Amino acid sequence: GHKERGYHSLAVTEDGTLYSWGLNNHGQLGHKERALSKVPAAVTVTLATQDNKQTGRRLRVRSVAASSWHSLALAENNAVYAFGRCLFGQLGLRCKVGDKDEGQDVFVPERVMGALEGKKVVAIAAGASHSLAVVAVNRD
């Protein structure tokens, strides 16, 4: 699939590799630095533990969502990973939020915990200052 919003683009290949390119002034490309990318470059999404420590095991990405300044990836483990601008808490991470340009930028995909922990996320979406996740409900 392919998502394009604002000034950057995301694409996922059949083997689950995430690629991004375009403007990267807030880390929305997930390339570990704040540099423009004129060509697609791979983004590594790695399995994170409960305390969000990266294990190094690469995860396949199933789908992506993009806003102007942040990106989301839904990984094979049904977890959401977020990166980019965290000005209003739209990443769902424990990052500094504030007014104007005081927010914290996240340059690599980090796992969204909290209310999503242990849930099977089936769809994601990103808006200008918010993110959405749809979870499966077990109806036994």
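Scanning region 16-45 for residues that are aromatic (Phe, Trp, Tyr) and more than 13 Å from the chain's Cα centre (by Cα) turns up just one, Trp21.
Tell me, yes or no, whether region 50-62 has at least one residue that is at pLDDT below 90 and under 24 Å from Val134 (Cβ atoms). Scanning region 50-62, I find at least one residue that is at pLDDT below 90 and under 24 Å from Val134 (Cβ atoms), so the answer is yes. When we screen Val39, Val80, Val45 for residues that are among the aliphatic types (A, V, I, L, M) and in contact with a helix residue (DSSP H, G or I) (Cβ under 8 Å, 6 or more places away or on another chain), the only hit is Val80.
The values are calculated or read from the model by the stated rules, or taken from the named source; none is laboratory data. Everything numeric here is computed off the predicted structure, so don't read it as measured data. Heads up, the Cβs are rebuilt from the backbone with ideal geometry, glycines too, and the neighbour counts pull from every protein chain shown.
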